[in-house]
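The values are calculated or read from the model by the stated rules, or taken from the named source; none is laboratory data. Since the model is a prediction, treat every value here as computed from it, not as a measurement. Note that we place each Cβ from the backbone using ideal geometry, even for glycine, and neighbour counts take in every protein chain shown. Quick note on the areas: whole protein, heavy atoms, side chains included, nothing else; ligands and nucleic acids left out. Shrake-Rupley method; radii C 1.70, N 1.55, O 1.52, S 1.80 Å.
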Amino acid sequence: MSTLSNKRIIVGISGGIAAYKSAEIVRRLQDAGADVRVVMTPSAEQFIRPLTLQALSSHPVHADLLDPEAEAGMGHIELARWADLILIAPATADFIASMVHGRGNSLLNAIILATPAIVAVAPAMNQGMWAHPATLENMALLEQRGVRIFGPDSGVQACGDIGPGRMQQPQEIVDQVASCFAGQSLSGKKLVLTAGPTREAIDPVRYISNHSSGKMGYALAQAAVEAGAQVTLISGPVNLIAPERCNIVSVISAADMLEATMQACSDADILIAAAAVADYRPVTVAAQKIKKHDDAINLELEKNPDIVSAAASEYSNLFVVGFAAETQDIESYARDKLQRKNLDAIVANDVSRSDVGFNSDDNEAAWITATSSKVFGKRSKTQLARDIISAIADQIDD
Ligand code: CTP
């Protein structure tokens, strides 16, 4: 399992002899599944060529704060927002001092000032510089501000001295980066989600649909991304912005949704079917707009395929979660659906209530498996989504 899959990491390189190890760090972060960008200070370029890092990361190396062309592409604020974690390796004594003072004089400094991401430093310097009270106080200040500090190691140094100040080995650094994301309960898992309504065409301008807003499905997609999953969101027509880092597949009808779901589930670990699929569709779709008549007209409907059942019976290793919208006898109807549709778990909610459910920002639900059930009392759809995702993670860990 890739421990850093779906994670965006900036490797910041400042100018010290340990910069030659940064290439190995970039490589190992990628091996762990991370998407890596490299930012160098001007003095780092004296120790390692940007071209090496560009080739390894498959992206241009960012170095210049005042380069209009680079800023027009991925500028410093965008990079600061893009990252989940910024690792400065090596972090020289001077670079650490510049961080303590909040300087914004290089691209890397400016990104560190602007970022909401986790910031980590792997110090690398001569043992005398490391032991200097200025450096020790600087390190203490960074630690107080929540900066993660990896190392340094002790041993023979490039200058021949022996003592603390050597940068940690690349694999040790990468392991500590991974531990910053502990609690990523679905890390490395592929999760498919259906969300929103479907529309079943009657003629070129009319369709049958329902009032599903898609909010619950989108909240689940966001929670699954936060938990480290690789998410494919198969969405019917909704007025929502897809969470970042989801692979979004837009569909209209149940038939489209079935096709996209079966394809996405072929190599997935988990399916959550949160879509409100239209149960029926017109047997024929009129090629031209149907004109008004004086009399009533009949619309013949046929049943749509059951998407969640089809995926559950085709892919036996898939952990499948369905939803049940009920107005009475919630648990017993939901248990019946659980069995009938061959699901591993079902989230049941009471759609007779006006304060939760369809089109509301809140929801309340029961989580039901063959052997257990628990109730998630009224809470925001965002929180309920996180609770459902942790219930799934607990279940697949068992
Ligand atoms: N579902 C599906 N494909 C369908 C119909 C439903 O994948 N054609 C999924 C939904 O995404 C949801 C669950 O099945 O996970 C809901 O099942 P459904 O039988 O439609 O239940 P209700 O919507 O609760 O409706 P009813 O009680 O009328 O059966």
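So is V36 open to solvent by less than 60 Å² (accessible area, probe 1.4 Å), β-branched (V, I, T), in contact with a Leu (Cβ under 7 Å, 6 or more places away or on another chain) and not in a helix (DSSP H, G or I) or not? Yes; evaluated as a whole, the condition is true for this residue. Give me the residue from the stretch 318-331 that is modelled with pLDDT of 95 or more and more than 11 Å from the ligand (Cβ to nearest atom) and, out of that set, farthest from I396 (Cα to Cα). Of everything passing the filter in the stretch 318-331, L318 is farthest from I396 (Cα to Cα). For A312, state whether it is farther than 21 Å from S209 by Cα, out of contact with any helix residue (DSSP H, G or I) (no Cβ under 8 Å at 6 or more places or on another chain) and within 14 Å of the ligand (Cβ to nearest atom). When the stated conditions are applied, A312 passes them.
Looking at S212, S250 in this structure, which one is closer than 27 Å to L299 by Cβ, touching a strand residue (DSSP E or B) at 6+ places or on another chain (Cβ under 9 Å) and open to solvent by 60 Å² or more (accessible area, probe 1.4 Å)?
Values: S212 fails: open to solvent by 60 Å² or more (accessible area, probe 1.4 Å).
Exactly one of S212, S250 is closer than 27 Å to L299 by Cβ, touching a strand residue (DSSP E or B) at 6+ places or on another chain (Cβ under 9 Å) and open to solvent by 60 Å² or more (accessible area, probe 1.4 Å), namely S250.
Can you find a residue that is aromatic (F, W, Y) and touching a helix residue (DSSP H, G or I) at 6+ places or on another chain (Cβ under 6 Å) anywhere in the stretch 44-54? Yes: the stretch 44-54 contains one or more residues that are aromatic (F, W, Y) and touching a helix residue (DSSP H, G or I) at 6+ places or on another chain (Cβ under 6 Å). Would you tally the residues in the stretch 222-263 being within 16 Å of the ligand (Cβ to nearest atom) and modelled with pLDDT under 95? Adding up the residues that qualify gives 1. The residues in the stretch 370-398 that are part of a loop (DSSP other than H, G, I, E, B), open to solvent by 60 Å² or more (accessible area, probe 1.4 Å) and over 24 Å from S187 (Cβ atoms) can be counted, and the count is 2. State yes or no: is A324 within 23 Å of the chain's Cα centre (by Cα) and open to solvent by less than 80 Å² (accessible area, probe 1.4 Å)? So A324 does not fit the description; no.
State which residue is nearest to A23 (Cα to Cα) when the search covers only the stretch 179-208 and only residues that are hydrophobic (A, V, I, L, M, F, W, C) and in contact with a helix residue (DSSP H, G or I) (Cβ under 9 Å, 6 or more places away or on another chain).
Of everything passing the filter in the stretch 179-208, L186 is nearest to A23 (Cα to Cα).
For the stretch 39-63, the tally of residues that are in contact with a Pro (Cβ under 8 Å, 6 or more places away or on another chain), without any contact (Cβ under 8 Å) to a residue 60 or more places away in the chain and surrounded by 15 or more Cβ atoms within 10 Å (Cβ to Cβ) stands at 2.
The single condition among (1) in contact with a strand residue (DSSP E or B) (Cβ under 6 Å, 6 or more places away or on another chain); (2) under 18 Å from A44 (Cβ atoms) that Q127 does not satisfy is (2).
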